[in-house]
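Contents: one structure, followed by commentary.
Where a number appears in this text, it was derived from the coordinates with a stated rule and is not lab data. Note that the coordinates shown come from a computational prediction; the quantities given were computed from them, not determined experimentally. Positions of Cβ are generated from backbone atoms using ideal geometry, with glycine treated the same way; all protein chains shown enter the neighbour counts.
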Amino acid sequence: MKLPQGLVKELIGRKKPKLAEIELTLFENCDVNCAFCGHDKKSIVGMEQAEMLSKIPLIANFLDSMDEDVSMVNLHLVGGELLQDRLLTSEKNILDDYTLLIEAYKKLCFERNIEPRVIVVSNMLTTRSEMVKEWFRKINETIYMRLIASYDLYGRPITKRYLENISFFKDFISNINVVVTKEAIEKLKEDDEVFEFLYQNFPIFMDDFLPDSWTQHMIPSDEEYLEYLQLVAEKYPKLMPFGDAISKLKSSQLNEIQFTTFNKCNILPNNMVTNYLWDRHRPDHFEGTVNYEDNSNMLFQFLEANQCLSCEYYVSCPLRCPVSWSWKNRQRSAGCVNKRFFDSVQK
């Protein structure tokens, strides 16, 4: 069964986020290889100033299409790696190009009485730390801008530089982002020393993994995902989103869904606009119907398959990313993993 987006919004009611998100992937070019990432690390598409500024009309179109009750928009500036050293030189400093884009975005939001925020996602390996920090200070004089620092539990060496930058930029880091792959779950069991340090000093958000066809072996099965949730309850109760969900469950608090299926767009380096997917994701990668502009039907499939609306945990449950959940070549189990987990917590 397929439902229009508006009806799916009505179904989830108060759990619909009041926040909008623009995930703007400026380019795929990167100076490191992470095992889970399918980006073309050598691509230069999107790296020129004119290409970046060509995204401004696309941002404006999205702002004009949002629900009227949205008053804040996060612009996630993503790579590739935006802060790699070879882009931060005295001859050509790409931060100047980012600044022009941010100023244009801010103007669009102010014209529409929307509060703009900017989130820069980085691997935190730059050696131009002073330059980048001064840029953050300057931007924050007129608009809220923060860092999301990625951490790869598997596949990317963690260097002294990473640890130094994490401390140096601490006041500007909103959270550490970790992708929940099979390998990450295995590493969590091993008391990873760096992860333990990060856990004690920063908020950490554990993001559901959306693979490419060549990384689908890394997507956890339902049983492995349940094992991860049990680790959260037993060892890492501060991890978002499920640590927070456990707390809200015990006090019957409302928890919004932890992904912005609604009021979200993904702008790709080639100016393709989608709701979540990339053009390398094909319809045959997923169960059910794929709509690149609107994945609310995937959310409905998740709600229907797991009988969420009649579940006793629905109010406090963060649900799961419906796109990742819909990946076809994933080992599935009978019954909702979230419900099985919350049942065990309530015992």
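So here's what we get for this one:
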{"item": "The chain, relative contact order [Cα under 8 Å, separation at least 6], %", "result": "20 percent"}
{"item": "Over 32 Å (Cα to Cα) - which of Lys55/Lys187; Lys138/Lys160; Lys15/Lys347; Lys107/Lys187 fall in this group", "result": "Lys55/Lys187; Lys107/Lys187"}
{"item": "Neighbour-count order for Leu299, Leu7, fewest beta carbons within 10 angstrom listed first", "result": "Leu7, Leu299"}
{"item": "Sparse-neighbour loop sites [trypsin sites (Lys or Arg not before Pro); segment 239-327; at most 13 other C-beta within 10 Å; DSSP]", "result": "Arg280"}
{"item": "Inter-label distance for Met131 and Leu100, nm, one decimal - labels placed 7 Å from Cα along Cα-to-Cβ", "result": "1.8 nm"}
{"item": "Potential extension, Lys42-Ser252 segment - 0.36 nm per residue separation minus Cα distance", "result": "70.8 nm"}
{"item": "Percentage, to the nearest whole number, of Cα pairs in the chain over 27 Å apart", "result": "47 percent"}
{"item": "Over segment 162-269: Rg over Rh, Cα atoms, Kirkwood Rh", "result": "0.98"}
{"item": "The chain, helix-only ellipticity at 222 nm - DSSP H runs n ≥ 4, -39,500 (n - 2.57), divided by all residues, nearest 500", "result": "-10000 deg cm²/dmol"}
{"item": "Spacing of the two label points (7 Å from each Cα toward its C-beta) at Ala305 and Gln331, in nm", "result": "1.7 nm"}
